Amino acid sequence: MADKAEESGPKPFLRIHNISKHFADVRAVDEVSLDIQQGEFFCLLGGSGSGKSTLLRMIAGLETATSGHIEIEGQDVTNVPPWNRPVNMMFQSYALFPHMNVEKNIAFGLKQDNWPKAEMDARVQELLDLVQLGEYGKRKPNQLSGGQRQRVALARALARKPKVLLLDEPLSALDKKLREETQRQLVAIQKEIGTTFIMVTHDQEEAMSIATRIGVMDEARLIQVEAPREMYERPANKMIAGFIGQVNLFEGKVSRKGKTQTITSMDTGSLLEVVDNTKLEDGQVVWIAVRPERVLLKTNPKGRAANKANGKLTDIMYLGGITHIQVTLDSGSPVRITISEHWDEDEAKLKLGDAVQISFEKRAARLLVE
Ligand code: ADP
Ligand code: MG
């Protein structure tokens, strides 16, 4: 598909083509290809050591690619030094100059570029307003809160109007509440200025709430690229299904193929049906993924049918708006269920140890082959 796009049509804003980075015998990034459009807020998501920072640093030019190339607006920048790329990296707030006030910190790059004073002052004011620090220009970094310092770092990184802003776990030092507030501010600022943002995070909730698209990395490879909702609905494999949100995975063997594929599962002790058009082999081992909010709970377990299984209620965690329930099936497998609506009267009487039946619609399930 990438090759076709290369022949015709407009070029993507940022094209990463088959890029790898090896450190001696460590493959930090392995043959990653990725197109990012102008104005995206793209999140690179993955566990520690999966290669996210190395990929970001190659986009910045701070790391030389072992092979492959990077294009920005159709121009090959693979061998362009970082200072000549239309890209900037935002470092964490502690990279502010402690002896300079906020204005001077933000103006630093502009001064190096010899901007005329009037223009520089106007730009600094514009940036202060953008990050809602209009009144704080004369303060030193140590007179600011962690969140405010973060916003100064952001303003400084945006000062020279980079076409792409790279952010490597910029919020990881902030506590949960401040972090969520800062996430919202980041999204608002990015929308306002329309600059392409690429952010690294290991926090899936952060990626889900911020990103226009998410790229999941695992062991140096880019596994799946998708908008948050699509990634949640259609994870490419078990790892991503479990990484993006919670999931019930039932292992089974293919017993009947067709538009509705039927799996015999030891995990549920029943037949499972799923609507899916993947080509499968008889007897192939596959997994059925069902999100906790798609599992239905019944209080009177009766009969046997596909996508149903009987068990006992083994945990109830009431959290106000939602309730988490665990059912242990007769097969021994645990199933998580999330209920967010009002419980009806029968459900409200449920207690640990009660016999229950779980079920799910065949369209609520996803078939995974790896
Ligand atoms: P992430 O940001 O996803 O945590 P990194 O990109 O920092 O991962 O690292 C990916 C892999 O490359 C890790 O195994 C890491 O140890 C290795 N690595 C990163 N930078 C270097 C380096 N300068 N020298 C040697 N190995 C490195
Ligand atoms: Mg990193």
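Across the chain, the longest run free of exposed loop sites, meaning chymotrypsin sites (Phe, Trp or Tyr not before Pro) lying outside DSSP classes H, G, I, E and B with no more than 15 other Cβ atoms within 10 Å, spans 92-342.
Which longest run of the chain has no exposed loop site in it, a site being trypsin sites (Lys or Arg not before Pro) in a DSSP loop with at most 10 other beta carbons within 10 Å, and the site itself not part of the run? Of all site-free stretches, the longest is 1-137. The angle between the Cα long axis of helix 146-158 and the main principal axis of the chain comes to about 60°, on a 0 to 90 degree scale. Atom-type composition of the exposed protein surface of the chain places 48 percent of the accessible area on carbon and sulfur (1.4 angstrom probe). Compared with the dominant Cα axis of the chain, that is its longest principal axis, helix 117-130 is turned about 20°. Partner aspartates and glutamates whose Cα lies under 17 Å from the Cα of K349, excluding those fewer than 8 positions away in the same chain, are identified as D315, E341.
The A24 and A95 beta-carbon pair, evaluated with R₀ = 30 Å, returns a calculated FRET efficiency of approximately 0.60. Per residue, the range 14-242 exposes 48 Å² of solvent-accessible protein surface, assessed with a 1.4 angstrom probe and all protein chains in place.
May I ask you to list the GluC sites (Glu not before Pro) in the range 149-255 that are in a DSSP loop and have at most 14 other Cβ atoms within 10 Å of their Cβ?
Those that pass, being in a loop and sparsely packed, are E219.
The mean accessible area for residues of the range 246-368, using a 1.4 Å probe and ignoring ligands and nucleic acids, is 57 Å² per residue. With a Cα-only, solvent-free Debye model of the chain, what are the log10 I(q)/I(0) values at q = 0.14 Å⁻¹? Result of the Debye calculation: -1.14. The aspartates and glutamates within cross-link reach of K253, meaning a Cα-to-Cα straight distance under 18 Å and a gap of 8 or more places when in the same chain, are D267, E273, D276, E281, D282, E370.
For the range 14-242, how many pairs of lysine residues have a Cα-Cα distance under 13 Å, where the two are 8 or more positions apart or belong to different chains? Taking the range 14-242 as the scope, the lysine pair count is 4.
The values are calculated or read from the model by the stated rules, or taken from the named source; none is laboratory data. Bear in mind that the values here come from a model prediction, so they are computed numbers and not experimental data. Neighbour counts run over all protein chains shown; Cβ positions are idealised from the backbone, glycine included. Surface areas here come from the heavy atoms of the whole protein model, side chains and all, with no ligands, DNA or RNA. Shrake-Rupley method; radii C 1.70, N 1.55, O 1.52, S 1.80 Å.
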